[in-house]
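Trainee: Following this message is one structure expressed as structure tokens.
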Amino acid sequence: MPELIMNGPAGRIEARYHHDPKSDSPIALILHPHPQFGGTMNNQVVYSLYYTFAERGFSVLRFNFRGVGRSQGFWDGGPGELADAASALDWLQIVKPDAKYCWIAGVSFGTWIAMQLLMRRPEIDGFICVAPPSNLYDFSFLAPCPSSGLMVNGDKDRVVPTASVAELSTKLKTQRGIKIDHEVVPGANHFFENKTDELQTVVGSYLDRRLAQAEEEYETKKAREREREAERQREREREKNEPPGAPAASDGNDD
């Protein structure tokens, strides 16, 4: 978990990065809660998500938004934080250009930024939203939501009621070809105090299911590509072995 300083739109960005040695390991970016209410990349839920992805072979990046920790700049109310997230994803994709999949995850305020980034980056394959503040921020820009994902909240959350998250996830389910799962962790509050293990189980199970499906689709795609390449190779061999000046095959309509 090496410390990392990246260049960002407002100056340096402080981050932590877990590198998986496989050249095609998937990548994940984790966004922390609201900076003005104590949110940092060392938040316990962010930390839990970070290791949930790392345990599944992802190269994972978490970072501090501008003005938090050693990251330069000042709170910008959303647009600047979105620019920070975009820069962090750029860095991650440069480090892992051959990544199989790209995921994004956020906690509370971080989910709002994550979903905006999702709308701007078609290469993102899936998302995890923990305690999305659906009653505090406008998520109507998700029309349609371009990727399937998971929304998780606690049934003791007094900041974001379960009904609000359920309504948001239900609306998004109506988008064609997209499936939004919604899970509720019993006994968990907005900060998942003493419930991070339960959260990790829910997120881990969802990731395992999605990754198994994606791996199957990935192998099917690779098999098709290999078959197409084999066919191209056979065609090249036929052309190579064809005698020079050989007449073209007649279509039976010669005068």
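The values are calculated or read from the model by the stated rules, or taken from the named source; none is laboratory data. Because the structure is predicted, anything quoted here is derived from the model rather than measured. Backbone-built Cβ (ideal geometry, glycine too); neighbour counts: all protein chains shown. These accessible areas exclude ligands, DNA and RNA; they are computed on the full protein's heavy atoms, side chains included. Shrake-Rupley method; radii C 1.70, N 1.55, O 1.52, S 1.80 Å.
Trainee: Would you call Gln175 modelled with pLDDT under 95, polar (S, T, N, Q), more than 17 Å from Leu49 (Cβ to Cβ) and surrounded by 12 or more Cβ atoms within 10 Å (Cβ to Cβ)?
Mentor: On the way: modelled with pLDDT under 95: yes; polar (S, T, N, Q): yes; more than 17 Å from Leu49 (Cβ to Cβ): yes; surrounded by 12 or more Cβ atoms within 10 Å (Cβ to Cβ): yes.
Criteria met by Gln175.
Trainee: Turning to a different aspect of this structure: Counting only residues that are within 17 Å of Gln200 (Cβ to Cβ) and among the small types (Gly, Ala, Ser), which one in the range 5-49 is nearest to the chain's Cα centre (by Cα)?
Mentor: Only one residue fits best here, namely Ala28.
Trainee: Right, another one. Checking Ile94 against (1) surrounded by 22 or more Cβ atoms within 10 Å (Cβ to Cβ); (2) assigned to a helix (DSSP H, G or I); (3) β-branched (Val, Ile, Thr), only one condition comes out false. Which one?
Mentor: Result: Ile94 fails condition (1) only.
Trainee: Just for the range 1-32: of the residues that are open to solvent by less than 20 Å² (accessible area, probe 1.4 Å) and assigned to a loop (DSSP other than H, G, I, E, B), which one is farthest from Ile113 (Cα to Cα)?
Mentor: Ser25
Trainee: Anything in the range 1-49 that is free of Cβ contacts under 8 Å to residues at least 60 places away in the same chain, farther than 24 Å from Pro133 by Cα and aliphatic (A, V, I, L, M)? List them, or say none.
Mentor: Selection gives Met1, Leu4.
Trainee: Still on this structure, please answer the following. Conditions: (1) open to solvent by 10 Å² or more (accessible area, probe 1.4 Å); (2) among the aromatic types (Phe, Trp, Tyr); (3) in contact with a Leu (Cβ under 8 Å, 6 or more places away or on another chain). Phe74 meets all but one. Number of the miss?
Mentor: Result: Phe74 fails condition (3) only.
Trainee: Of the residues Glu198, Glu193, Glu183, which single one is closer than 21 Å to Gly110 by Cβ and surrounded by fewer than 14 Cβ atoms within 10 Å (Cβ to Cβ)?
Mentor: None of the other options fit; the residue is Glu193.
Trainee: Related question: Could you figure out which of (1) in contact (Cβ under 8 Å) with a residue 60 or more places away in the chain; (2) in a helix (DSSP H, G or I) isn't true of Arg70?
Mentor: Going through the list (1) in contact (Cβ under 8 Å) with a residue 60 or more places away in the chain; (2) in a helix (DSSP H, G or I), Arg70 breaks only (2).
Trainee: Go through the range 207-221 residue by residue and tally those that are within 20 Å of Glu123 (Cβ to Cβ) and open to solvent by less than 70 Å² (accessible area, probe 1.4 Å).
Mentor: 7
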